[in-house]
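First the structure, in the form of structure tokens, and then the observations on it.
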Amino acid sequence: MYTTELDKSRPVDLQTGEPKDLVDAFEARVAADEFIEPKDWMPEAYRKTLIRQISQHAHSEIIGMYPEGNWITRAPSLQRKAILLAKVQDEGGHGLYLYCAAETLGASRDEMVDALHSGKAKYSTIFNYPTLTWADIGAIGWLVDGAAIMNQVPLQRTSYGPYARAMVRVCKEESFHQRQGYSIMLALAEGTDAQRRMAQDALNRWWWPSLMMFGPPDDASPNTERSMRWRIKRETNDELRQKFVDATVPQAELLGLSIPDPDLTWNETRGAYDFGDIDWSEFYAVVKGEGMCAKERITARKKAWDDGAWVREAADAYEAKKQARNVA
Ligand code: FAQ
């Protein structure tokens with residue numbers, strides 16, 4: 001039985017100042033791979049870390065609709081347009097599940113949205129890059145959704161139940177997204193010289209930002225160690241980045257495209273690819289809000305939120321009327 005009642009006579013955990021028996025029981029459940037559920041006792045820092053990660057994940061899904069939404073009216077065929085429309089809509093759905101998961105931890109939707117609009121909360125750096133050609137839509141599906149899957153498959157076993165369960169559906173949809181991106185790249189790679197050049201140019205521009213999606217190197221990641229202990233994260237940033245490179249290089253070879261990294265070589269001893277240095281100064285600049293499209297993305301998001309105010313007001317008025325009718 002877990003309780004949030006604080007009893008001052010109980011021994012206290014020296015790190016958190018919370019009752020030691022509760023902290024120990026929590027740690028034991030996590031170590032035994034049990035899911036922690038919304039009504040269970042949890043350390044305050046665990047709750048805050050989850051709200052941070054889940055809400056930023058939700059914001060990434062929502063802002064992630066913009067670079068691709070930009071191409072819905074310009075897709076090269078009706079079929080590609082219908083597929084892209086469905087994909088972008090899926091990303092919006094992922095954002096909504098994730099906001100709901102964060103709400104189970106006591107965060108309110110308004111607080112989370114305010115944090116995004118004010119720049120207090122982050123969203124993935126990758127969505128601050130522009131989509132210049134149709135090949136960028138292929139590259140996003142192939143590389144960005146590919147990186148998202150690599151990161152999110154282990155999150156199906158994250159220790160917080162509602163987040164883990166949301167990830168199951170999200171991963172199924174992301175896997176369709178990755179394939180639609182690869183299918184666009186394949187069509188371009190098998191097309192004219194100009195189309196092949198367009199596909200290579202998109203790969204050149206999206207490769208390094210995709211590797212940055214996994215976050216800073218482990219030795220510069222302030223959250224990884226504790227999040228791994230609490231099984232919020234199941235693999236580290238560097239482990240996932242390596243897996244992504246190893247899975248993606250053969251896919252590029254199949255397309256006949258070259259990865260823009262002169263240092264990329266197969267390391268027989270490690271059974272993995274060695275790859276070149278990532279420009280972390282670019283990553284930190286984008287995190288700080290200096291990304292190419294950062295202003296455009298937040299301006300568009302705020303406008304959509306303001307333009308949708310009447311829908312939220314109508315929904316609230318409808319709900320209030322329904323409640324009043326039920327009481328009467
Ligand atoms: N961008 O200590 P760590 C998608 C921040 S969904 C911006 O390593 P952590 C679907 C980090 O927040 C993509 N900020 O942090 C889609 C922290 O700052 P904070 C999103 C980043 O949390 C596809 C600081 O740096 N996926 O693509 C980034 O342990 C196509 C230190 O970092 C998720 O959110 C970054 N790339 O590990 C949609 C997955 N990386 O918060 C549309 C869930 C790090 O302390 C189209 N999240 N930072 O102020 C995670 O797995 C983790 O949160 C990490 C970061 C791995 C992203």
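The values are calculated or read from the model by the stated rules, or taken from the named source; none is laboratory data. Being a predicted model, the structure only gives us computed values, none of them experimental. Positions of Cβ are generated from backbone atoms using ideal geometry, with glycine treated the same way; all protein chains shown enter the neighbour counts.
If I go through the stretch 1-33 residue by residue, how many of them are at pLDDT 75 or above and either part of a loop (DSSP other than H, G, I, E, B) or over 20 Å from ARG231 (Cα atoms) (or both)?
Result for the stretch 1-33: 12.
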Quick one: ASP114 ticks every box in (1) outside any helix (DSSP H, G or I); (2) more than 9 Å from the ligand (Cβ to nearest atom) except a single one, so which number is it? (1)
Check ALA102 against each of (1) touching a His at 6+ places or on another chain (Cβ under 9 Å); (2) of a type in the set (A, V, I, L, M); (3) under 19 Å from ASN237 (Cβ atoms) and name the one condition it does not meet. (3)
Tell me, yes or no, whether the stretch 41-56 has at least one residue that is acidic (Asp, Glu) and at pLDDT 95 or above. yes
Does the stretch 151-170 hold any residues that are within 10 Å of the ligand (Cβ to nearest atom) and touching a helix residue (DSSP H, G or I) at 6+ places or on another chain (Cβ under 7 Å), and which are they? ASN151, GLN152, LEU155, THR158, TYR163, MET167, VAL170
Tell me yes or no: at least one residue of the stretch 71-94 is of a type in the set (Val, Ile, Thr) and in contact with a Pro (Cβ under 9 Å, 6 or more places away or on another chain). no
Index of the failed condition, ALA317 passing every other in (1) under 30 Å from GLU190 (Cβ atoms); (2) without any contact (Cβ under 8 Å) to a residue 60 or more places away in the chain: (1)
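Each row is one residue, and each column tells you yes or no for (1) assigned to a helix (DSSP H, G or I); (2) within 16 Å of the ligand (Cβ to nearest atom); (3) touching a helix residue (DSSP H, G or I) at 6+ places or on another chain (Cβ under 9 Å); (4) farther than 22 Å from ALA147 by Cβ.
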{"position": "LYS81", "(1), (2), (3), (4)": "yes, no, yes, yes"}
{"position": "LEU84", "(1), (2), (3), (4)": "yes, yes, yes, no"}
{"position": "LYS87", "(1), (2), (3), (4)": "yes, yes, yes, no"}
{"position": "GLY95", "(1), (2), (3), (4)": "yes, yes, yes, no"}
{"position": "CYS100", "(1), (2), (3), (4)": "yes, yes, yes, yes"}
{"position": "LYS122", "(1), (2), (3), (4)": "no, yes, yes, no"}
Check whether at least one residue in the stretch 291-310 is surrounded by 11 or more Cβ atoms within 10 Å (Cβ to Cβ), among the acidic types (Asp, Glu), closer than 17 Å to ARG205 by Cα and modelled with pLDDT of 95 or more, and report yes or no. no
Residue list for the stretch 53-70, filter: within 7 Å of the ligand (Cβ to nearest atom), touching a residue at least 60 places away in the same chain (Cβ under 8 Å) and in a helix (DSSP H, G or I): GLN53, GLN56, SER60, GLU68
Boolean, GLU173 is within 16 Å of the ligand (Cβ to nearest atom) and touching an Asp or Glu at 6+ places or on another chain (Cβ under 7 Å): yes
The helices (runs of 4 or more DSSP H) lying wholly within the stretch 183-289 that contain at least 2 residues that are crowded, with 17+ Cβ neighbours inside 10 Å, near the ligand (Cβ under 10 Å from one of its atoms) and under 22 Å from the mean Cα position of the chain (by Cα) are 193-212, 224-229, 237-255
When every residue in the stretch 38-52 that is part of a helix (DSSP H, G or I) and hydrophobic (A, V, I, L, M, F, W, C) is compared, the one farthest from the ligand (Cβ to nearest atom) is ALA45
